[in-house]
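Structure incoming, see below.
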Amino acid sequence: MNASQINVASDQFCSLEQVDAVDMTLEDQEDACRDASCDKHKFSMEQRKLIQVMNVKRKRDFLCLEKVNGEMVNILEGLELHTDVFNAAEQQKIVDKVCELQEKARKGELKRAFTPKGKGRSAIQFGCCFNYRTSKAGTPAGILRHETVEPLPALFKVIIRRLVEWHVLPPTCVPDCCVVNIYDEGDCIPPHVDNHDFLRPFCTVSFLSECNILFGSNLKLEENGEYSGGSYSLPLPVGSVLVLNGNGANVAKHCVPEVPTKRISITFRKMNESKRPIWFTPEPDLQWIQPLPFEQESSSSSDHVY
Ligand SMILES: O=C(O)CCC(=O)C(=O)O
């Protein structure tokens, strides 16, 4: 199926919402059967997925020049923003799951859930525990190989599968851990480069409300609470996935300044094999995921290049 056939198919299709609902409940055959009233016989499951994939908008031409070590560098090289990856119903389902996890965390039922001091957000880690910076006891930043934590929840593995099948993340870098960030109004994440115990690319999925993410090679949080050195501000729509790679992951620092309203993000990353926790075994259902095959469309608009 090529792009123009898919566009036609997309017009004919009764409801993409219904298609999406089927995809998100892959583990739930009952839901899939309930949706059988949709005109599905016209399209195979494979075709329906392709229609959805073609709906995703992709921006890969970010440009922000900064002098780094005496040379002009595009600090956003490698950054990608994929929008409309999750529809409203799917976002709701994921948010509901996060609320459930937050409730478990409140009851002390999760091993690695914490709220950093100050205006930080709440965070829940799955797949591995890691420190953002060297601890007071002198433990270096990075993955804590001897700490245990809950595995990735099943729904998060469905998300990961989609990210790879829909060409958002490469099959060579399938995430095996994640951190859920829950920002209440006024919460932020300070400027940082993600630890190199995690491979590149990694990605962040946004839910509940849009906010801006700031980039800059010299980005700093000043004592007066202002950010300096932020040279590029990018809005993150709900249901979008920001992929960080290359200079965008390694040269530019990033931060989310104080959010105007509650927001959730999930950062998915793959661990460097030599840094994995000693107890870790790869998830069988995250092996051998392949991107959906479809013909590339040549396009002059970078927003739709695939
Ligand atoms: O919330 C976001 O969009 C960014 C999260 C982030 O930078 C992180 O988890 O390290």
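Of all residues being under 15 Å from the mean Cα position of the chain (by Cα) and of a type in the set (D, E, K, R) in the stretch 183-233, which is farthest from the ligand (Cβ to nearest atom)? Just the residue, please.
Filtering first and then ranking leaves 200.
Go through the residues of the stretch 163-177 one by one and say whether even a single one is over 30 Å from residue 290 (Cα atoms) and within 13 Å of the ligand (Cβ to nearest atom). Break it down into steps so the answer makes sense when it comes.
Going through the stretch 163-177, the residues over 30 Å from residue 290 (Cα atoms) turn out to be none.
Scanning the stretch 163-177 turns up no residue that is over 30 Å from residue 290 (Cα atoms) and within 13 Å of the ligand (Cβ to nearest atom).
Looking at 259, 251 in this structure, which one is closer than 30 Å to residue 150 by Cβ and over 14 Å from the mean Cα position of the chain (by Cα)?
On the way: 251 fails: closer than 30 Å to residue 150 by Cβ.
Exactly one residue qualifies, and that residue is 259.
Which pairs do you get when a residue that is farther than 15 Å from residue 73 by Cα, found in the stretch 225-236, comes within reach of a residue that is among the acidic types (Asp, Glu), reach meaning Cβ atoms under 8 angstrom, with the pair 6+ apart or on two chains?
Every condition considered, the pairs that remain are 228/222; 235/210; 236/210.
Right, here's the next one. Sort out for me the strands (runs of 3 or more DSSP E) sitting completely within the stretch 71-186 that have 1 or more residues that are in the same structural domain as residue 231 (by TED's automatic domain parsing) and either among the small types (Gly, Ala, Ser) or within 15 Å of residue 264 (Cβ to Cβ) (or both).
Correct list: 122-126, 177-183.
Taking the stretch 114-144 only, how many residues are without any contact (Cβ under 8 Å) to a residue 60 or more places away in the chain, of a type outside the set (Val, Ile, Thr) and within 14 Å of the ligand (Cβ to nearest atom)?
8
Name the single residue, out of those in the stretch 85-112 being farther than 30 Å from residue 59 by Cα and touching a residue at least 12 places away in the same chain (Cβ under 8 Å), that is nearest to the ligand (Cβ to nearest atom).
Here the answer is 112.
Could you tell me which numbered condition residue 278 fails, if it satisfies all but one of (1) modelled with pLDDT of 95 or more; (2) in contact with a Phe, Trp or Tyr (Cβ under 9 Å, 6 or more places away or on another chain); (3) in a loop (DSSP other than H, G, I, E, B)?
So residue 278 meets the others, but not (2).
While we're here: Considering (1) under 24 Å from residue 189 (Cα atoms); (2) of a type outside the set (Val, Ile, Thr); (3) part of a helix (DSSP H, G or I), say which one residue 63 fails and leave the rest.
For residue 63, the failing item is (3).
The values are calculated or read from the model by the stated rules, or taken from the named source; none is laboratory data. Keep in mind that this is a model prediction, so the values were computed, not measured. When we count neighbours, we look across all protein chains shown, and the Cβ atoms used for this are built from the backbone with ideal geometry, even at glycine.
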